[in-house]
């Protein structure tokens, strides 16, 4: 009996990251049902072996003569293990027709101020760099007509003048936003090879990750911020980590788990175990209730109030790999979600003109990661505006900048050569700057994206440097700036209420002059990370923490290649530090665009 469906993938080889469990496994099953051979990889051996057995059974049933290969111990963010896997495929003369970039992690689910920077970087490495490096290495075993399908998230997809935030998921939104734009960029760069790149955002999907991890952790974060009974925010966080895994277990297991958590908690405190057990039980109940409310509220934004099944997502991916449909959709980010998610615009063009602020007795700190002379001149122009209006400009110049740039800025302003990737070093110099006068703003100039022909031709070292420069370093500067304006606020969110502070990220610029679609798409990868990240951080600050601290993003240049105007950036800075600055809505400004 022939079980093959309308889309016949007989003879095709499909490589699926994270193919042992969840959506990845559902995709593998769907392709195997349609005659394809599959290569599944992941970090854990057991899920892959179990998945392989079930896939072999399907192959036998449909009589397709397909095969299953597994590669365990492969972390998509790890250069060595990915390279070794593709070396093995190359040596065995295995060609890959379709790559499904599916691997991912939930990452930290907390306000960015409370996030670990190491966890931030790890999340970006798995989602974004993993997608990039798997795709680049796969080109070694792909031919004309092959396809790369990238699964991302609807929460970071944009509409005109709109940016969706996803509070408590800052590294997730940054990496997913960049992934959407990376899929577009690869479609431009791979056209000469005849390889297609498409991304799809499936929206909310029934999965253990949502029900047992993301929603409960988000619920626990709400309780950490708002407070729960006699527990401090730090205690709510540590206890939640212990008791969230109990959700969905039998009553006896929950009771035993609560007792163990209470005993562990009371070892260092003179409190009644029974009373603490009751508190922990109440905390778990509240986490469960809020998590269910989050799920219900999300479903209410869908017409039929139903999340997709993993099988439905797999079917969508399968259909995107149809030859004719894939040609039509090459370079597209398919908004497969059905969520009607109305949000405030968040993105504006020029800022209003305001009276020139007086910076007397105030300090403005510039974290400068200049790429070229024009970036250096911009930094000097902005710093001069601060000093000619009474303020003190302190320049923290990245040690990755050229000696020429370092010397030019250092000769004119109070400056330090700094490793901007090192949070402890940033802390030290921010504290020093604070002693010179109240910090009015902390401004990170990312510099331009260096010129090169294609992302897919970069070495891993070159790619990692770009991710550090345009995603990890801005995140590090913002993270440490939040602690500068609200010391200890990460661990105690109550300290954020009504506090003020201005953080500004400038760049990267859109290229100027006659620019190609490829050049534009490359820059958009990194702008695409910073937009959802900035929006999410600000939603947490305004809506959750009730703070007046703001992080703004200025994106110079225009989509049609006009030269950026540094005067407009000065105007934006003046606006941000004035009493007229937007409280929560507009936080991203394309200052050179006219709309």
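The values are calculated or read from the model by the stated rules, or taken from the named source; none is laboratory data. Keep in mind that what you see is a predicted model, and the values were worked out from it rather than measured. Note that we place each Cβ from the backbone using ideal geometry, even for glycine, and neighbour counts take in every protein chain shown.
The listed residues are 324, 292, and the only one of them that is closer than 27 Å to residue 185 by Cβ, out of contact with any strand residue (DSSP E or B) (no Cβ under 7 Å at 6 or more places or on another chain) and assigned to a helix (DSSP H, G or I) turns out to be 324.
Restricting attention to segment 541-567, the residues being in a helix (DSSP H, G or I) and either buried (at least 17 other Cβ atoms within 10 Å of the Cβ) or without any contact (Cβ under 8 Å) to a residue 40 or more places away in the chain (or both) number 5. In this structure, does residue 152 turn out to be over 19 Å from residue 78 (Cα atoms) and either modelled with pLDDT of 95 or more or crowded, with 24+ Cβ neighbours inside 10 Å (or both)? Yes, satisfied. Put simply, of 334, 287, 302 the only residue that is under 25 Å from residue 538 (Cα atoms), under 28 Å from the mean Cα position of the chain (by Cα) and in contact (Cβ under 8 Å) with a residue 24 or more places away in the chain is 287.
Among the residues here, residue 317 does not qualify as assigned by TED's automatic domain parsing to the domain that holds residue 531 and surrounded by 14 or more Cβ atoms within 10 Å (Cβ to Cβ).
Consider residue 537 carefully, then state whether it is modelled with pLDDT of 95 or more and touching a strand residue (DSSP E or B) at 6+ places or on another chain (Cβ under 6 Å). So residue 537 passes the test.
Report yes if some residue within segment 40-53 is in contact (Cβ under 8 Å) with a residue 40 or more places away in the chain, surrounded by 18 or more Cβ atoms within 10 Å (Cβ to Cβ) and under 29 Å from residue 201 (Cβ atoms); otherwise report no. Checked segment 40-53: at least one residue is in contact (Cβ under 8 Å) with a residue 40 or more places away in the chain, surrounded by 18 or more Cβ atoms within 10 Å (Cβ to Cβ) and under 29 Å from residue 201 (Cβ atoms).
Of the numbered criteria (1) loosely packed, with under 15 Cβ neighbours inside 10 Å; (2) over 20 Å from residue 555 (Cβ atoms); (3) touching a residue at least 12 places away in the same chain (Cβ under 8 Å); (4) under 32 Å from the mean Cα position of the chain (by Cα), the one residue 450 fails is (2). Does segment 513-530 hold any residues that are over 11 Å from residue 176 (Cα atoms) and either touching a strand residue (DSSP E or B) at 6+ places or on another chain (Cβ under 8 Å) or not in a helix (DSSP H, G or I) (or both), and which are they? Passing the criteria: 513, 514, 515, 516. Residue 487 meets the stated requirement of being part of a loop (DSSP other than H, G, I, E, B), out of contact with any helix residue (DSSP H, G or I) (no Cβ under 6 Å at 6 or more places or on another chain) and outside the structural domain of residue 452 (by TED's automatic domain parsing). Taken across segment 520-532, residues that are surrounded by 24 or more Cβ atoms within 10 Å (Cβ to Cβ) and at positive phi do not occur at all. If the condition is being without any contact (Cβ under 8 Å) to a residue 12 or more places away in the chain and either part of a helix (DSSP H, G or I) or surrounded by 13 or more Cβ atoms within 10 Å (Cβ to Cβ) (or both), then segment 248-259 contributes 251, 252, 253, 255, 256.
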